[in-house]
Amino acid sequence: DVKVTQSSRYLVKRTGEKVFLECVQDMDHENMFWYRQDPGLGLRLIYFSYDVKMKEKGDIPEGYSVSREKKERFSLILESASTNQTSMYLCASSLQYLGGNQPQHFGDGTRLSIL
Amino acid sequence: GNSVTQMEGPVTLSEEAFLTINCTYTATGYPSLFWYVQYPGEGLQLLLKATKADDKGSNKGFEATYRKETTSFHLEKGSVQVSDSAVYFCAFLSGGYNKLIFGAGTRLAVHP
């Protein structure tokens with residue numbers, strides 16, 4: 001079974017702090033994704049990566065950056081946390097198959113509160 | 001643009017009732033379609049999928065049929081259980097790199 005592990009289930013930070021959310025997958029997947037989940041809005045894609053050191057902006061990248069130095073690890077960085085970034089953050093991974101039907105596998109999520 | 005529309009929740013049912021959660025999509029071409037489920041306090045799990053028109057995905061008693069004519073992928077279950085209480089998300093793959101477009105989710109609450 002695919003295992004996607006997010007480093008923290010709950011995190012509380014202060015406005016202006018630099019925040020790191022870590023995600024590790026154990027199935028050698030090429031693609032990795034970061035989403036935020038908010039009530040009534042579903043999941044919105046922040047960034048994704050299709051290879052080491054490669055990244056692409058999703059639908060809501062403002063205020064975030066990412067890092068992928070190793071294939072199994074994908075980090076989300078809040079450069080200067082703000083209260084409107086309080087949310088549930090979900091990491092996912094999938095095999096690379098252009099035009100194919102590979103599902104994404106999700107971690108358990110990190111509930112981040114910015115005070 | 002690409003989007004998914006799901007019926008608004010919450011959907012409240014008694015145990016053993018019949019469940020339908022409607023999902024329609026707007027997309028270019030005929031993408032692969034998915035239903036994900038999120039149990040309380042957990043991440044999303046793939047429930048079922050269909051990759052081409054008229055395919056039926058099924059898992060754990062849930063079913064959904066890929067209807068190209070109506071661009072729909074409605075989720076059904078004949079007899080729900082309390083353990084089915086969760087949020088259900090309809091989604092499809094968009095473009096390359098397996099990006100998913102999600103609906104807003106539908107919360108299901110099943111009472112004994």
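Summary of values
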| read-out | value |
| --- | --- |
| Within chain B, percent of DSSP bridges classed antiparallel, to nearest 5 | 90 |
| In sequence order, calculated HN-Hα J values of the stretch A:27-33 (Karplus, 6.51, -1.76, 1.60; Hz; x Gly/Pro) | 10, 6, 6, 6, 8, 9, 9 |
| For B:CYS23, residues with placed amide H under 5 Å, excluding near neighbours | B:PHE73, B:HIS74, B:LEU75 |
| Candidates A:ILE77, A:ILE46, A:ILE60: whichever shows maximal mean-square fluctuation once chain A is modelled as a Gaussian network with Cα springs under 10 Å | A:ILE60 |
| Between the stretch B:64-112 and the stretch B:17-46, the Cα center-to-center distance that results, in Å | 2 |
| With at most 12 neighbouring Cβ atoms within 10 Å, loop trypsin sites (Lys or Arg not before Pro) (DSSP) excluded, longest segment of chain A | A:54-115 |
| FRET efficiency for B:ARG107 and A:SER8, using Cβ-Cβ distance with R0 set to 25 Å, rounded to 0.05 | 0.50 |
| Residues of type lysines that A:LYS57 reaches as a straight line, Cα spacing below 27 Å, ignoring anything fewer than 8 places off in the same chain | A:LYS3, A:LYS13, A:LYS18, A:LYS70, A:LYS71, B:LYS49, B:LYS99 |
| Charge sum, other residues only, whose C-beta stays under 15 Å from B:PHE73's C-beta, Lys/Arg counted +1 and Asp/Glu -1 | +1 |
| Cβ-Cβ FRET estimate between B:THR70 and B:SER14, R0 fixed at 25 Å, reported to 0.05 | 0.30 |
| Amide hydrogen neighbours beyond the local backbone of B:SER85, cut-off 5 Å, H modeled | B:VAL110 |
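Only the coordinates and a few stated rules stand behind these numbers; no lab work does. If you're wondering where the values come from, they're calculated on a predicted model, not measured in any experiment. Cβ coordinates were reconstructed from backbone atoms using ideal geometry, including for glycine residues, and neighbour counts include every protein chain displayed.
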